[in-house]
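Readers should treat all values here as calculations from the given coordinates under stated rules, not as data from a laboratory. Note that this is a predicted model, so its numbers are computed, not measured. Glycine also receives a Cβ, built like all others from the backbone with ideal geometry; neighbour counts cover every protein chain displayed.
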Amino acid sequence: MQSILGMLLTTALAAPMAGAVAAPADLKDAEAVLAYIQAHPDDVALVTKGISHNADRLAPVASAVKIIHLAAYADAVRKGKVKPGERVSVARWNAYHLPGTDGGAHEAALKRLKPGASVTLDQVVSAMIQESDNAAPELLRDRLGPGVLRKIAQTRVGTFNGEMLRAFGGCTLSADVCMKNYVKAGKQVQLTLPGFAQQATWSATVSRVEPGVLRGVLAGLRKDKTASKHLEWPMRQPGADPDTLLIGTKGGALPGVISEAMYTVRPGEKPRETVLALRRLPEATWYSGLRSYAHQQFVVRMATDSAFFARVRSAVK
C-alpha cells in the first residue's frame, strides 16, 4: 500500500512538548501504535465496528476533517446545487493558499493537474483529498457555506487557514474575517511559524470533531459515487489491488496530531469504517509516525487480522 499521508506544517522544530510521555518513543509499526494506545488511552480516539473509544469526545483530526467538506460537496452535487465540471479560476484557488503551510500540497496538486487559467471544481476537490491541499476546503467552504459543514459535522467547522492567520499571521480579528480579508487582498503571505510546542498547542484547538460522527460520515461517503471516487484514489496507484483490499481514506497531521479515517472492503466481508486520532504526540514520536505511516498499517491490520483486532479491542476496554 502506498503511503498517502502528507505533513501539513513544515518548519524548524523546537523542543518537545512539555509534559508529554514518550513511550513508546517511535511509532515504527502497527504494534507500536497499539503500545501507544495502551500507554496513552486518554490521548487516543478509535472508532470502528466493535470498538468505540472516546467516540463522543471532540478530538483534533487535522486534515481528516476534509471528509466533512467532501460530504458537503457530494451532497451539493447530488442535489444539483453544484456541478463537478464548474470552472474555477486558478487565481481564485491560489487566493486561499498560504505558502509554506501545507507541506507543498498545493504546489503538488497544480503540478499533477497541469491547469491553464482554470480547473474544474471536481479537480479542486481531488486536490483536497489526494494531495491534502488546504486552499481547496477553504474555497469549498465559501462556495457551499459554513452552515452546511456544521450540519454534517454536528459542530462548527472553522476556516483552517483563517485560524492559522489568526494564530501566526498577526491577524487580530475572527478567523473567518482574517480569511475573508486575506482572499480579498489577493496577495499571498509567507507566515513565520513558531516551534513545535507552540504549534502543537494550537493544533489541539482546530479541526475538532467527534470521531464517532466522522465515522458515520465516512460510512455514507463509501456509498456515494462522487465521494468514493476521490477517497479511493490510492486504488489507482501502481501496485494497488482493489480486488484483494479496497481502501478509501483521508488522513491528516498537525504537530502533535496524527489521524486517519479509512474504510476497507475485503471480498466476502462487510465493509469496515475506522477513525483513529492520536493527539499530544511528543515531537520525536510524531515525526516517527510521519515517516513510518504506522497509523495506516494499524488500521489496515485491524481490518485484515482478527487476532490483532481482538488485542486492540481488549486494550481499549
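The sum of -39500 (n - 2.57) across all DSSP H runs of n ≥ 4, divided by the residue count of the chain, sets its helix-only mean residue ellipticity at 222 nm to -13000 deg cm²/dmol.
Distance from the alpha carbon centroid of segment 90-135 to that of segment 248-293 works out to 23 angstrom. Go ahead and set up a Gaussian network model of the chain, Cα springs under 10 Å, then flag whichever of Val47, Val77, Val148 fluctuates most. Among Val47, Val77, Val148, the largest mean-square fluctuation in the Gaussian network model of the chain belongs to Val77. Pick out which of Gln190, Gln130, Gln198 has the largest mean-square fluctuation in a Gaussian network model of the chain, springs linking Cα atoms closer than 10 Å. Looking only at Gln190, Gln130, Gln198, the biggest GNM fluctuation is shown by Gln190. Placing dummy labels 7 Å off each Cα toward the beta-carbon, the span from Val90 to Ser118 is 1.4 nm.
Dipole of the chain computed with +1 at Lys/Arg Cβ and -1 at Asp/Glu Cβ about the Cα centre; of Ile247, Leu173, Pro84, farthest Cα towards the positive end is Pro84.
In this Cβ point-charge picture (+1 for Lys and Arg, -1 for Asp and Glu), segment 101-255 has a dipole of about 380 debye about its Cα centre.
Amide H contacts under 5 Å for Val209: Ala59, Val61, restricted to partners 5 or more places along the chain or on a different chain, H placed in the peptide plane at 1.01 Å from N. Sorted on the mean count of surrounding Cβ atoms within 10 Å across their residues, most packed first, peptides 191-197, 138-144 read 138-144, 191-197. Here percent of Cα pairs over 31 Å apart was calculated from the structure, and among (i) 26; (ii) 32; (iii) 44 it sits at label (i). So which of Lys79/Lys111; Lys223/Lys270; Lys81/Lys270; Lys180/Lys223 end up more than 24 Å apart, counting from Cα to Cα? With Cα atoms farther than 24 Å apart: Lys79/Lys111; Lys81/Lys270; Lys180/Lys223.
Counting charges near Glu131 (Lys, Arg +1; Asp, Glu -1) among other residues having Cβ under 12 Å from its Cβ returns a value of +1. Peptides 256-264, 181-189, 201-209 ordered by packing proxy, namely the average of other Cβ atoms within 10 Å per residue, highest first: 256-264, 201-209, 181-189.
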